[in-house]
Amino acid sequence: MMRLGFAVAATCLLISSLAGQEPTRPPVTGAWDLTVIGTDGRHLPSWLEVHWSGDRVLVGHFVGVVGSVRPISRLDFAHDTLRWSLPPQWEGGNNDFQFTAVFAGDSLAGSMTTPDGKQLTWSGHRAPALAHKGPVQWGVPARMFNGRDLTGWHATGGENQWKAVKGVLTNTQRGGNLVTDQIYGDFKLHVEFRYPKEGNSGVYLRGRYEAQIEDSVVSSASGEATGGLGAIYGFLIPNQNAAKGAGEWQTYDITLVGRMVTVVLNGKEVICRANIPGPTGGALDSYEEKPGPIMLQGDHGPVEYRNLVLTPAR
């Protein structure tokens, strides 16, 4: 019994000793909303997520100004400085991105070298949880498009190609995106849309999270893992293919409360109460703590919308 007692005590001491040797989790872990200062001085949104993998390695995910979320195989953090690199996606140039940032006061500030050699600065703040407490009380549904003109909307990011044609909001060719003048917090949104063969558009919730609209058959053939019609672009993939196909009117019924989103496509719930990790590529900004507009993507080509109805939370 004496020997067994010594063995148990020794084992407990060893476990305690090993536990005491566990490395401290780096303070940069978590999600970060980034703002990149472009060469023209514009503030461009981006996003970073850092995970502690095992007991010694930082890994992560990154969303650039354009494109879908991409993995980071390793980040290095030492002496309050964070560094990582990753290949280009849709950006020009053939070299890897190179990122450096200093962590101070629970914020990040740094520089980056783009694949085509540009030197840019950027900053980051902690992404908010956006947790909602208690049941949601809904307000009065309101039509967002009057069917006659673009009252309540404005174009951004290119030449305005949007027109009201017989009660349909029509983008006849590639041009600017269309943004509501009003901004919203939590809401329920009903949208009807139609796209041609190989069509591609999207509905940006609060101007930050893209509910993808595209010819899913073409997308699947291309092999890009962005989720297709019904997805939150690159982040959340629908649980089934509920698309009707190009040339047909289809419907989105989307509920967004904080980060939690439910997407109903053509009457089928394809995403159920899932949290959106962060802004998707092409977002208007990265200030997730603020309300934002609804944006209809028009920079990829023709698309049509009608019967846009939004019910805000009270």
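Taking the alpha-carbon centroid of each part, what is the distance from region 288-314 to region 232-254 in angstrom?
15
At 37 °C and 0.692 mPa s, grab the translational diffusion coefficient of region 240-296 from Stokes-Einstein with a Kirkwood Rh over Cα pairs, rounded to a whole number in µm² per second.
Numbers: Rh = 13.1 Å.
For the chosen part, D equals 250 µm²/s.
So what is the orientation-averaged projected area of the chain, using the convex hull of its C-alpha atoms, in nm²? Show your work: numbers first, answer last.
Numbers: hull surface 86.6 nm².
In nm², the orientation-averaged hull projection of the chain is 21.6.
Pop out the ³J(HN,Hα) list for region 303-314 in order, Karplus 6.51 cos²θ - 1.76 cosθ + 1.60 with θ = phi - 60°, rounded to Hz; leave Gly and Pro as x.
6, 10, 9, 7, 6, 8, 10, 10, 10, x, 6, 8
So which residue, out of 27, 238, 279, gets the largest mean-square fluctuation from a GNM of the chain using Cα contacts under 10 Å as springs?
Comparing 27, 238, 279 in the GNM, the peak value goes to 27.
On a 28 Å Cα-Cα criterion, which of the cross-link pairs 163/268; 133/188; 166/290; 163/197; 268/290; 166/197 come out too long? Spell out each step's value before the answer.
Numbers: 163/268 30 Å; 133/188 17 Å; 166/290 35 Å; 163/197 21 Å; 268/290 30 Å; 166/197 22 Å.
Where the Cα-Cα span goes over 28 Å, the pairs concerned are 163/268; 166/290; 268/290.
Pick from 199, 292, 105 the residue whose mean-square fluctuation is largest in a GNM of the chain, springs joining Cα atoms under 10 Å.
105
Probe radius 1.4 Å, ligands and nucleic acids left out: which of 112, 260 has the largest accessible area, and how do the rest follow? Write out the running numbers ahead of the final one.
Numbers: 112 15, 260 60 Å².
From most exposed to least exposed: 260, 112.
Take 259, 74, 194 and sort them by solvent-accessible surface of the protein heavy atoms, 1.4 Å probe, largest at the top.
Correct descending sequence by accessible area is 74, 194, 259.
Counting only protein heavy atoms and using a 1.4 Å probe, what share of the accessible area of the chain belongs to carbon plus sulfur, as a whole percent?
Details: 8370 of 15740 Å².
Carbon plus sulfur share of accessible area: 53 percent.
Accessible area per residue for region 150-250 in Å², computed with a 1.4 Å probe and the full protein assembly in place, what is it? Numbers along the way, then the final one.
On the way: 4380 Å² over 101 residues.
Here the residues of region 150-250 average 43 Å² of exposed surface.
Between residue 198 and residue 237, how high is the FRET efficiency from 1/(1 + (r/R0)^6) when r is the Cβ-Cβ distance and R₀ = 22 Å? Nearest 0.05.
Numbers: r = 21 Å, r/R0 = 0.94.
Efficiency, from the Cβ-Cβ distance: 0.60.
What angle do you read, to the nearest 10 degrees and between 0 and 90, between the alpha-carbon axis of helix 2-20 and the longest principal axis of the chain?
The helix 2-20 is inclined about 50 degrees to the chain.
The values are calculated or read from the model by the stated rules, or taken from the named source; none is laboratory data. Computed from a prediction, not measured in an experiment: that's the story for all the values here. In this analysis, Cβ positions are derived from the backbone assuming ideal geometry, glycine residues included, and neighbour counts consider all displayed protein chains. We work out accessible area using only protein heavy atoms, side chains counted, and drop any ligands, DNA or RNA first. Shrake-Rupley method; radii C 1.70, N 1.55, O 1.52, S 1.80 Å.
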